[in-house]
Every structure is written in C-alpha cells, then in structure tokens.
Amino acid sequence: MDSRSITLLEYPLVRSRLAAATAFAPGRRLAEALEPSPDPVIVARGLDETEQARGFTAEHPGAGIGGARDIGPWVERAARGGRLDAEHFLEIAATLESASRLADALAGERRPLLRDLGRELHPLPGLRSVLARSFDPVGELLDTASPRLGGLRRAVRVAYDRLRGRLDTLVHSGELQGALQEPIVTLRNGRYVLPVRSEARGRVRGIVHDASGSGQTLFVEPLVVVELGNAWREAQLAEREEVERILDELSGLVAVNARALRETLEALARFDLWTAKARLAEEMDAVRAEIAGRPELSLLGARHPGLSGRVVPIDVRLGGDYTALLITGPNTGGKTVALRTIGLLCLMHQAGLHIPADRGSSLPVLEDVFADIGDEQSIAQSLSTFSGHLQAIVRIVHQARPGTLVLLDELGAGTDPTEGSALAQALLDRFIRAGALVAATTHYAELKAYAHTTPAARNASVEFDLETLSPTYRLTIGLPGTSQAFAIAERLGLPPEIVAEARSRLTESQQAFEATLAAIKAERGETVDALARARLAETRAAEDRRAAEEERRRARRERDEAVRAAREEAERLVDELRGEVRATRRALERETVTAPSLEAAMARAEARLERLPAPAAPEPPARVAAPADWQVGARARSRSQGWEGRVAAIDRGGRRATLEAGGLRVTVRLDDLEPAVGAAPGSSTRAEPRSGRRGSELEGVAGPASELRLQRARTVASSLDLRGATVAEALDLLDRYLDDAALAGLDRVTVVHGLGTGALRDAVRERAGGHPLVTGWRPGGRGEGGDGATVVNL
C-alpha cells in the first residue's frame, strides 16, 4: 500500500506503540515490520490473531514468553559449525524453558490459531537436560559436564596448591631475606614469580619474566618451582582442552536441533506479536471491526489513537448511497483529525489491529489508501502550497480506482477561490466516476452546494462552540458547516462596525445560504431532541409492557397454584370419605352398625362434601370430537381450563367455540372440547341437574377458575398495544384480551398494532373478523391511531 500515505496518516506512530508492547527482539522486529495488507485473507487472519490473543491473555494473565532470548544468531553459528560460548547456551536454555511453559499453557487450547502455534513450540527436553547438567546459573561449566572434567579440575587444584605452598615457603625463608622487594607472590605471563631487587639478582636463581618500569624490580620464577609451575600449567591446558571439547560437543547438539530451535523462536516471536496487539487493543479500548463485503465503511464512536485526555468520538459512514464526503467547519474544528481518524483506522484494520471505536463498526478491505494532508510547500523545490498539493493529487488521480480510499485536506486551497473550487469539483467528479471512496475538507461554499446537489456526495460538518470559542470536535453528516469567521472575530474583540461591514459585503445568495443553513441546523437540533424523547418514551413503554407481562405470568402461577392446592385438598377429602365408606360397609357386613352410628357416619361424609372447593370426580376418558360433530347448544367441557357449559357459538373457521355457563362466556379451541358427562357432542339437550348436594354445586358454581377470570375482568383496559410482538404472540394476546373484554362487559375496544409492513395489522383484522365474540371491526379514525389501530365491536 502507498507508503507516503501510510506516513502521512501517522501509522508508524501506532506501529511504534505496538513494538514497545513486545517482550523480546524477534517479536519487536515483527511489530516494526507490520504493514497494512490489501489481501482479505491476510486481514481476517490478523484480526483473528488479535482477537484470540485477547481472549487468551484475559483467561491466562500470567502466560507469556518471559525469559526468552533472541537466540537466532547463536543457532546459525552452531549450524555453520561454530563454537558457542557459555552465555549463549544459557540463553538457549532460558528460551527453551520459556517455550516449555508456553506450550503447557497452550495445551488443550480451544482457539485454533493458538492451538496450532502451540504445536510449533519444541521445548526439546533432551537438550534442556544436557544444558542444565552442564552449566550453573551464572554460566560456569559444571564438573558434571563430562566424566573427565571433574578429575582434571582436581588435578589443577592439586598442582596449584603444591606450587603456592613451595613459593610461600621461599618467601618466608631466611635465605632470600633482603633479596625480595616485597614478601609476596605475584603472577606474570601466566607464571607465579617473586619480586626480586635488581641488585640482588644473583642471590635468586631462576627465570626472569618481567621487570618494573623503573628497573628496580625483576619478577623471577625460582628454578626450584619451575617444574611445579610446569605441572600446574599442563593441568590447566588439559582442563581447557576438555572444556573446549565439551563446548564443541554442545554446539554440535544445538546444530542438530537447529530447525526445531528456529521454529520455536519464530513461534515465540509470533506469540509475542499477537499478545502485543492484544495489549495495544486493551490500552486503546479497541474493538474488532467487522469486514464489510462491499466498499462501505461505518465507524461508530471512532477515536484517533494518537489523542490523549478527553477524546470526542465521531461517527462516520461512507459508501453505499454516497461515495464522497465533504467536511466543512471552522479552523481547528477537527476536520483534519476526522480525515486522519478515518484513514488511520482503515490502515490499522488492514494490519490486523483492533480499532478504537464502538462495536458495530465495519470497514472494507481496501486495495489502497491515498492521503494528501498537510503543507507540501518546498522552497528547495520551488513549490508553493498549491503546487505541492496539486503534485500529490496528480499522483492520486492516476491510481484512484474502485476499492481505494482518497483523503484530501483543504481541497482546492492555496489559489484563487473561484478557480480552486472549480478544480476541486472536477476532481471530486473524477474520483466519484473512478469508483473510489473520497473524503475531503474545505471552506468553499461552492463545494457545500456541490455536495448538496450531487447524489453521490454528502455534506458533513464539525461543530464549534461560539461561547467558549472552542471546537466540540463532533462530526455531523448531512449538514455543511460554516467557518464562523465573523462570530469568532466579534468574540475576539474586532470592532462591530468592521464585522458589520464585512457581512454587508456578502452577496444575497451567500447570506441566504448561511441563513438557510442556520435554520436547518436549528430544526435538526429540535428533531434530534424529539427523537431522543420518543426513544425514551418507547423504552419506558417497553419496560411497562415487560412489567405487565411479568405480572400476568405471576397471576397465572398463583392461579395454577390455587387450582392445584384445591385439587389436592379435594382428593384428600374424597380419600378420607372413601375410607369411611369402606369401614362402614365392613361394619354393615358384620351387622355391627347401629342406626345412630350410621347416621353419624353419613353426617360426617356430608360435612366433608361441603368442604369440597370444586368437583373432583375422576375424569372418564372421552372421545375427542371432530369439529364437525359440535353443534350450538351442545354440552361440552374444556379439558385445559375446566369450563363446562353450553356451546353458544362456533366461529366460521370451525377452530374456536364459545362456552356459556352461569351467565359467563369464554372462548376455547374446538380441539380442546370434550363431551360433558352424560352428553354427546352433537346433543343439544340441556343436562339435567344431578340429585344431591354435589349435583347442585356442579350446576350452579363455575369453580375457582371463573372467580379468577371475574377478578381479572374488573381491570381490563379499553385498548391493547401489540407493537413489538410477533404475529404468533400478538394473536395469542388478542384472543385472551377479547375474552377478558367480553367478560368485563366492554362493547368496543381498540387494538394498536402500528403500520410497519402491514403483516401484523392484516393478521389482527383476520382473527377479529372470525372471532365468535366480535360483531365487526373498522380501522381507527382521526385521534384513534388511523390505520395503525383497529376498533373492534364485541
């Protein structure tokens, strides 16, 4: 992608922040080389890397590559047959230890990219074990590095002790008294010597290895210790040869594992980059932008990552209905920042980085991004501001095509305003015809009019607070901005008469344009406020609807609980009664029951029957009648609700019927009906009351369910709001509401369903037209909601 535009849009600053978030040099090099890509597959892969790393670091905050080193040069040296030093082996061991910890953390990882990366980590336990046995933590070769090294080092220590012991004896003996400059043993050229006075040289037989600067002292190795010194030196050479052999052997082991070490280092570097991207995203409170399938960008709450303190987010949409955006407004109002934000977030997105914006933002994968921002004036190249800008624009014109984004700051500025605005319009037309997305800033009124009259262009403006003379940095799409030059001049103290004279010099069309623009802004502000109030009212209505539905569910639970408790009590009483009947029958069979005791037993049974809350007789299996079997006047019972009564009406569709009992009516599904005890589906004869107390109770009492319905009917509203419900939910609510309204004795109700696509309205009116409790319906009139409501007569 265009390197000049990448620099102008400050992408290198973001890349520097990313590099600073890495943990070691290989990861830092990957971060410094990260470039935006025009390949959708690479972009999606980079975004997946960031997203999966964010999830992993959130779950495993302690996981990382701590201790890893850049061992690449040492691996390559060993692979070429070179010898490594002890510190190089320590770095290799530390890196393998880090790889082992990370591999354990990634074991069983469900995220595919991290799981695959974990397979590329090779902890090499064999090499780690050898290195741990060979070196101590500070890099000294241990005696256990080879079978011979320990013995050779002991031989060195023994030879040294003998040599020093003999020299110490000479120093403190009387035969050299007065011959030594000082009674000490020192080292010269790897040999232990004594400091002998030059004038006493003849008293000490030996080899002179050095002399002092003044020539007063000679450093002599006495002949009596030469052999001891030779023995010590030979032991040292043997030890050094063994050490070199061990280092060569270990270097060869590293060379054998060079490929695995390279893969491990590369995997650690990639993991370091991914976690750095995750840390940068968390630092910027960034989100993953969705990849748009078309060249359309939608940024919600976008923030420039280079700004600090209180940052005002902007919403930007470009593409689709319009491909050119003209941003106007006063100087320092944030026009250029808006351009940089759009371009920089596109580049970050295509580098696989999350962007500082709100969720729901989407960006396309662009083939290239071109920007002309800033002053291109150059004295050395004899370029004016206009020439510098034009030179950059010429290059962009030749490369603009579908799938590219063009960002132009102060388009047409730096020359005659009339010619500059005409040139700017021609350039915009060219970019629109080329299929590129273009965003530009300007002060020219002609370009505001151009954006207003060109279908593929839109105006946008940055707001300015005239009270504080400071920009708000808010970006508004759809309205052009004003430079506010006169207002700013007045606020800064320019004499009013000068400002008034300046205003008078504007043409009538310019004044009318500014006045119209101000009126549109005021009207837009009122519309926004009204929309906010409407949304608040809608939110409150939804909350009230949820509360009502919850109350309804609670009432249903209480009703079901009451019915269940009543049934349990009835069954318990019937069981007790049956037990007494069986006991009385057994007593009769034994002829031990007297008349008074029988009367007492019957009285107890009748008392228990009076306590029954509802009939609890066992329900005999009944044939489910087909819809065609039911006739008006037949006795029927609802299996789900427990209602029993006469079929008063059947809807035209043959799916629902109205049961009437005790002056009350209820609508039920036809397939929910079963014949009442003692009646056939098609029978229209009225069931005779049964003899005894229970028969009269069954005939005269509707039961607990009817009492609950009567209580609910007392609070039925005169209208039902179905907006927001699906068709299935709405029809279920409508059926229950019409039942309740009929029970409450309402003659007319209003059902609010809204306009929308008309599907909910048509379903409501079709159901109302076929409902047995409805005599007719009509659309709402003026003041009744119009076609968004239906008035139903019951």
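Within region 341-359, the only residue that satisfies the criterion of being surrounded by fewer than 23 Cβ atoms within 10 Å (Cβ to Cβ) and within 21 Å of Tyr473 (Cβ to Cβ) is Asp358. Return yes when Val774 is under 23 Å from Arg545 (Cβ atoms) and not in a helix (DSSP H, G or I) and no when it is not. Taking the combined requirement at face value, the residue does not satisfy it.
Per the listing Leu268, Leu344, Leu325, Leu280, the residue uniquely more than 20 Å from the chain's Cα centre (by Cα), under 30 Å from Arg69 (Cα atoms) and not in a loop (DSSP other than H, G, I, E, B) is Leu268. Please work out if Gly67 is assigned to a loop (DSSP other than H, G, I, E, B) and either at pLDDT below 95 or aliphatic (A, V, I, L, M) (or both). For Gly67, the condition - assigned to a loop (DSSP other than H, G, I, E, B) and either at pLDDT below 95 or aliphatic (A, V, I, L, M) (or both) - is met.
When Asp136 is tested against (1) under 17 Å from Leu84 (Cβ atoms); (2) touching a helix residue (DSSP H, G or I) at 6+ places or on another chain (Cβ under 9 Å); (3) open to solvent by less than 90 Å² (accessible area, probe 1.4 Å); (4) not small (Gly, Ala, Ser), exactly one condition is not met: (2).
Scanning region 632-650 turns up no residue that is modelled with pLDDT under 70, within 30 Å of Glu561 (Cα to Cα) and among the charged types (D, E, K, R). If you go through region 536-549 and keep only what is free of Cβ contacts under 8 Å to residues at least 24 places away in the same chain, open to solvent by 80 Å² or more (accessible area, probe 1.4 Å) and either outside any helix (DSSP H, G or I) or closer than 19 Å to Ala725 by Cβ (or both), you end up with Glu538, Arg540, Glu543, Asp544, Arg546.
Close contacts from region 483-495, counting a first residue that is open to solvent by 80 Å² or more (accessible area, probe 1.4 Å) and a second that is modelled with pLDDT of 70 or more, with Cβ to Cβ under 9 Å and a gap of 6+ residues or different chains, come to Glu490/Pro496; Glu490/Val499. Of the residues making up region 244-255, those that are out of contact with any helix residue (DSSP H, G or I) (no Cβ under 8 Å at 6 or more places or on another chain) and either acidic (Asp, Glu) or within 18 Å of Glu91 (Cβ to Cβ) (or both) are Glu244, Asp248, Glu249. Counting only residues that are at pLDDT below 80 and open to solvent by less than 90 Å² (accessible area, probe 1.4 Å), region 560-578 holds 1 of them. Taking the criterion of being at pLDDT below 90, out of contact with any Asp or Glu (no Cβ under 7 Å at 6 or more places or on another chain) and open to solvent by less than 30 Å² (accessible area, probe 1.4 Å), the residues of region 437-449 that qualify are Leu447, Lys448. Taken over region 13-29, the criterion of being open to solvent by less than 70 Å² (accessible area, probe 1.4 Å) and basic (Lys, Arg) is satisfied by Arg15 alone. Checking Leu423, Leu390 one by one, the residue that is open to solvent by 10 Å² or more (accessible area, probe 1.4 Å), at pLDDT below 95, more than 30 Å from Arg15 (Cα to Cα) and part of a helix (DSSP H, G or I) is Leu423 and no other. With respect to (1) within 25 Å of Glu241 (Cα to Cα); (2) in contact with a strand residue (DSSP E or B) (Cβ under 8 Å, 6 or more places away or on another chain); (3) open to solvent by 70 Å² or more (accessible area, probe 1.4 Å), the lone exception for Arg164 is condition (3). All of Glu59, Glu32, Glu97, Glu51 fail the test of being open to solvent by 20 Å² or more (accessible area, probe 1.4 Å), of a type in the set (Asp, Glu) and more than 29 Å from the chain's Cα centre (by Cα), apart from Glu97. Scanning region 780-794 for residues that are modelled with pLDDT of 90 or more and either of a type outside the set (A, V, I, L, M) or farther than 19 Å from Arg723 by Cα (or both) returns Thr790, Asn793, Leu794. Of all residue pairs spaced 6 or more apart or on separate chains, those with beta-carbon atoms under 6 Å, a first member in region 298-314 that is assigned to a loop (DSSP other than H, G, I, E, B) and a second member that is β-branched (Val, Ile, Thr) are Arg303/Val311; His304/Val337; His304/Thr341; Pro305/Val14.
The values are calculated or read from the model by the stated rules, or taken from the named source; none is laboratory data. Keep in mind that this is a model prediction, so the values were computed, not measured. For neighbour counting, all protein chains shown are included, and Cβ atoms are generated from backbone atoms with ideal geometry for every residue, glycine included. Please note that ligands, DNA and RNA were not included when accessible areas were found on the heavy atoms of the full protein model with its side chains. Shrake-Rupley method; radii C 1.70, N 1.55, O 1.52, S 1.80 Å.
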